[in-house]
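The values are calculated or read from the model by the stated rules, or taken from the named source; none is laboratory data. All values reported here derive from a predicted model rather than from experimental measurement. Note that each Cβ is placed from the backbone with ideal geometry, even for glycine, and that neighbours are counted across all protein chains shown. What goes into the accessible areas is simple: the full protein's heavy atoms, side chains included, and nothing from ligands, DNA or RNA. Shrake-Rupley method; radii C 1.70, N 1.55, O 1.52, S 1.80 Å.
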Amino acid sequence: QVQLVESGGGLVQPGGSLRLSCAASGSFFIINTMGWYRQAPGKQRELVASVTSGDSTNYADAAKGRVTISRDNAKATVYLQMNSLKPADTASYYCSLRDFRYNYWGQGTQVTVSS
């Protein structure tokens, strides 16, 4: 059983920053991709950014220049640093871990950007 526990969401003013964390536990393959997705009300879940266990990163166009994803393999933790946040970034943010067997999901953490 794999568990992903997210933290770091909350309310932030436009232009502010947040750092999300996601810690993985349980049994998963050492070669994997961890990532962050988001889902706003009435919209489909979409990729924000992902990083492989070899530190190759991938960013959605809307995230490039404002978001940095990183991971600590020793801690099985992935981070998402988000800067210059906009109201359009308001969504539930979900952590993902994908290995060759399965794609695991966290419960989500809410990010609200509002003045």
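For R45, only one of the following conditions fails: (1) modelled with pLDDT under 95; (2) surrounded by fewer than 17 Cβ atoms within 10 Å (Cβ to Cβ); (3) closer than 29 Å to P14 by Cα. What is its number?
Exception for R45: condition (1).
Restricting the stretch 9-31 to residues that are hydroxyl-bearing (S, T, Y), surrounded by fewer than 13 Cβ atoms within 10 Å (Cβ to Cβ) and more than 11 Å from L97 (Cβ to Cβ), which is modelled with the highest pLDDT?
Result: S17.
State all residues of the stretch 91-108 that are of a type outside the set (A, V, I, L, M) and open to solvent by less than 60 Å² (accessible area, probe 1.4 Å); if no residue qualifies, say none.
Initially, the stretch 91-108 is screened for residues of a type outside the set (A, V, I, L, M), giving 92-96, 98-108.
S92, Y93, Y94, C95, S96, D99, N103, Y104, G106, G108, listed by residue number.
Going by the structure shown, is R98 touching a residue at least 60 places away in the same chain (Cβ under 8 Å), touching a helix residue (DSSP H, G or I) at 6+ places or on another chain (Cβ under 9 Å) and of a type in the set (K, R)? Talk me through it step by step, then tell me what you get.
Working: touching a residue at least 60 places away in the same chain (Cβ under 8 Å): yes; touching a helix residue (DSSP H, G or I) at 6+ places or on another chain (Cβ under 9 Å): no; of a type in the set (K, R): yes.
For R98, the condition - touching a residue at least 60 places away in the same chain (Cβ under 8 Å), touching a helix residue (DSSP H, G or I) at 6+ places or on another chain (Cβ under 9 Å) and of a type in the set (K, R) - is not met.
Name the residue, out of A40, A60, A88, that is over 22 Å from Q3 (Cβ atoms), small (G, A, S) and open to solvent by 70 Å² or more (accessible area, probe 1.4 Å). It would help to see each step written out before you state the result.
Details: A40 fails: open to solvent by 70 Å² or more (accessible area, probe 1.4 Å); A60 fails: open to solvent by 70 Å² or more (accessible area, probe 1.4 Å).
After ruling out the rest, the residue left standing is A88.
Can you name the residue in the stretch 63-75 that is farther than 14 Å from S96 by Cα and outside any loop (DSSP other than H, G, I, E, B) and is also most open to solvent (accessible area, probe 1.4 Å) among such residues? Walk me through it before giving the result.
Quick first cut of the stretch 63-75, residues farther than 14 Å from S96 by Cα only: 63-68, 72-75.
Within this subset, residues satisfying the condition of being outside any loop (DSSP other than H, G, I, E, B) are 67-68, 72.
Values: V67: 16, T68: 77, D72: 47 Å².
Out of the qualifying residues, it is T68.
Among what's in the stretch 48-60 and is part of a loop (DSSP other than H, G, I, E, B) and either in contact with a Ser or Thr (Cβ under 9 Å, 6 or more places away or on another chain) or at pLDDT 95 or above (or both), pick the residue that is nearest to S115 (Cα to Cα).
Step by step, filter the stretch 48-60, then rank; the result is A60.
Would you please name the residue that is nearest to the chain's Cα centre (by Cα), looking only at residues in the stretch 1-45 that are farther than 15 Å from Y104 by Cα, part of a strand (DSSP E or B) and not aliphatic (A, V, I, L, M)?
Residues of the stretch 1-45 that are farther than 15 Å from Y104 by Cα, as a first pass: 7-21, 39-44.
Those still in the list that are part of a strand (DSSP E or B) too: 7, 10-12, 18-21, 39.
Going one step further and asking which of them are not aliphatic (A, V, I, L, M), we end up with 7, 10, 19, 21, 39.
Details: S7: 10, G10: 14, R19: 9, S21: 7, Q39: 11 Å.
Ranking the qualifying residues of the stretch 1-45, first place goes to S21.
Being surrounded by 15 or more Cβ atoms within 10 Å (Cβ to Cβ), touching an Asp or Glu at 6+ places or on another chain (Cβ under 7 Å) and part of a strand (DSSP E or B) narrows it down to one of V78, V111, so name that one. Quick ask: steps written out before the conclusion?
Numbers: V78 fails: touching an Asp or Glu at 6+ places or on another chain (Cβ under 7 Å).
The conditions single out V111.
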